[in-house]
Amino acid sequence: MTADERRSSIIDAAVIEFGAGGLDGTSVESIARRVGVTQPYVFRLFGTKKALFLACCEACFTETRAAFETAADGLAGEDALIAMGKAYGQLLQDRPRLKMQLQSYAACDDPDVRRLVRRRYGELVEFVEGIAGGDQARVSAFFATGMMLNVLAAGDLLGAKDGWAARMLAGLGITT
């Protein structure tokens, strides 16, 4: 493997480990073991555990932005928002990525993590604002819905057929 390929495989492994244990509760040793490299090699590529965590956060935000851009390509307004929402729903099927995203928010007590999350989330908001044509109420509703879907996905409730979660999904026009 090239260094870039190894770096990518370490980030993939770290997403799983950090998603399960968070920034403070995850050891670099567990990440190295998962990917089959030594702990010093991970430190050689990333420098610190926090730098690796930040790389994982970046990867998740990059993936979300790419999904939004692909879904919205050639669309505008409500059609683009609907397409991006569906694309986000697909991303939520990747449980380790969902958990890593949630861990990035949970780690915002760390100023470096907070700075990255604010910047990257803000970039997503600004991208969606451009697509929505300045409809701030719709943009706010789009992101509020996304956060609600995060909670439902974390609780393994996206396929709920009855109860409160099913009613919430039905309110969004999502039926299973």
Extreme residue, surrounded by the most Cβ atoms within 10 Å (Cβ to Cβ), among residues of the range 119-146 that are closer than 15 Å to F68 by Cβ and without any contact (Cβ under 8 Å) to a residue 12 or more places away in the chain:
E129
Residue tally, condition part of a helix (DSSP H, G or I) and either without any contact (Cβ under 8 Å) to a residue 12 or more places away in the chain or open to solvent by less than 40 Å² (accessible area, probe 1.4 Å) (or both), over the range 155-176
8
Of those in the range 106-118 that are among the charged types (D, E, K, R) and without any contact (Cβ under 8 Å) to a residue 24 or more places away in the chain, the residue least open to solvent (accessible area, probe 1.4 Å) is R114
Answer from F18, F53, F61 - the residue that is within 27 Å of E129 (Cβ to Cβ), under 19 Å from the mean Cα position of the chain (by Cα) and open to solvent by less than 20 Å² (accessible area, probe 1.4 Å)
F61
When residues of the range 65-105 are limited to those that are polar (S, T, N, Q) and open to solvent by 20 Å² or more (accessible area, probe 1.4 Å), the one farthest from A14 (Cα to Cα):
T70
Given the residues V139, V117, V128, V151, which is the only one that is under 13 Å from the mean Cα position of the chain (by Cα), among the β-branched types (V, I, T) and closer than 29 Å to G74 by Cα?
V117
Please return the ranges of helices (runs of 4 or more DSSP H) entirely within the range 1-95 where 3 or more residues are closer than 24 Å to R119 by Cα and touching a residue at least 12 places away in the same chain (Cβ under 8 Å).
3-25, 49-72, 77-91
Qualifying positions in the range 122-158 - β-branched (V, I, T) and in contact with a Phe, Trp or Tyr (Cβ under 7 Å, 6 or more places away or on another chain)
V125, V128
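The values are calculated or read from the model by the stated rules, or taken from the named source; none is laboratory data. These figures come from a predicted structure and were not determined experimentally. Heads up, the Cβs are rebuilt from the backbone with ideal geometry, glycines too, and the neighbour counts pull from every protein chain shown. In case anyone asks, the SASA skips ligands and DNA or RNA and just uses the protein heavy atoms, side chains included. Shrake-Rupley method; radii C 1.70, N 1.55, O 1.52, S 1.80 Å.
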